[in-house]
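**Student:** My questions will all concern the structure given below.
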Amino acid sequence: MKFDVLTIFPNLFDSFKKESLISKALKNKIISINIIDIRNFTSDKHKTVDDTPYGGGAGMLMKIEPIYKALKSLKKEKDRRIILLSPGGEQFTQKKAVEYSKFKNLVFICGRYEGIDARIENFIDEKISIGPYVLNGGEVASMVVMESVSRLLPNFLGNKDSLNEETFNEKENADFVEYPQFTRPEIFKVGNKQYKVPEVLLSGNHKLIEEWKKKNSK
Ligand code: ADE
């Protein structure tokens, strides 16, 4: 899976690429993450990426040309989706993550400021929001989408069972069935309070444990 990310804040992605399972997946070539600095596609001395809106109004808009040129610079993959991250987009869901995981190439356009010149609509496949709240831009949102899609790819998770056990299925609004889990110590003490691991999990009785897990799944 190849991810291309168009942004004016390329450094925001540094630690995302360097840590944990994402860094491992990059090393193992399960994914690639290509960060494209939109500023490199400006043509003026000041590398201007924003301008005031026609008709007036508060704030600045991202200009269309640098984004278009950045998009044009990408190798045209057959099996790709161009996604604009925007609080006004369609709600991102687990179902969408599954759908995206079947593509070869996802291109993210990270908007900033008050938005992007509306003519961007002619050059994208869809607009996605990660939730009903407003971020400073699409960068964090693109990382959310990349992470949820990556973990669905074959060999991304070292332990295959972890994906199966969390019942992430393809239904919209999937019930994320998971039971409470505990690790050492058996008794966690805070002052005179004791927080204990449920007895049954220590019993070694697999049938009872399975029943308990089922009963305590949400
Ligand atoms: N940009 C700003 N807010 C956003 C959101 N909620 N989802 C995706 N992109 C955004």
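Readers should treat all values here as calculations from the given coordinates under stated rules, not as data from a laboratory. Computed from a predicted model, the values in this text were never measured in an experiment. Positions of Cβ are generated from backbone atoms using ideal geometry, with glycine treated the same way; all protein chains shown enter the neighbour counts.
**Student:** Lys/Arg Cβ at +1, Asp/Glu Cβ at -1, dipole of the chain taken about the Cα centre: which of Thr48, Tyr68, Leu201 is farthest positive-ward?
**Tutor:** The one lying farthest along the dipole's positive direction is Leu201.
**Student:** Then there is this: Which of these, Gly57, Gly138, Gly111, has the largest mean-square fluctuation under a Gaussian network model of the chain (Cα springs below 10 Å)?
**Tutor:** Gly57
**Student:** Using a Gaussian network model of the chain with C-alpha springs under 10 Å, which one of Ser129, Ser203, Ser43 is most mobile by mean-square fluctuation?
**Tutor:** Between Ser129, Ser203, Ser43, it is Ser203 that shows the largest mean-square fluctuation.
**Student:** So, one more: Any idea what angle helix 206-215 forms with the longest principal axis of the chain, computed on alpha-carbon atoms, 0 to 90 degrees, nearest 10?
**Tutor:** With rounding to tens, the tilt is 50 degrees.
**Student:** Debye sum, Cα scatterers, the chain, no solvent: what log₁₀ I/I(0) at q = 0.09, 0.15, 0.18 1/Å?
**Tutor:** Taking Cα atoms of the chain as identical point scatterers yields -0.49, -1.01, -1.30.
**Student:** If you don't mind, there's one more thing I want to ask. Where does helix 139-150 land angle-wise versus the long Cα axis of the chain, in degrees 0 to 90, nearest 10?
**Tutor:** So the inclination is approximately 50 degrees.
**Student:** How do 83-93, 182-192 rank on mean C-beta neighbours within 10 Å, highest first?
**Tutor:** The densest-packed peptide leads the list: 83-93, 182-192.
**Student:** Would you work out which of Ile30, Val5, Ser15 lies farthest towards the positive end of the dipole of region 1-52, given +1 charges on the beta-carbon of Lys and Arg and -1 on that of Asp and Glu, about the Cα centre?
**Tutor:** Ile30
**Student:** Note down the magnitude of the dipole of the chain about its Cα centre, charges +1 on Lys and Arg C-beta and -1 on Asp and Glu C-beta and zero elsewhere, to the nearest 20 debye.
**Tutor:** 680 debye
**Student:** Additional query: Hey, what do the phi angles of region 9-23 turn into as Karplus ³J(HN,Hα) couplings, whole Hz, using 6.51/-1.76/1.60 and θ = phi - 60°, x for Gly and Pro?
**Tutor:** Going residue by residue, I get 10, x, 5, 4, 8, 4, 6, 4, 7, 8, 10, 6, 5, 5, 5 Hz, with x marking Gly and Pro.
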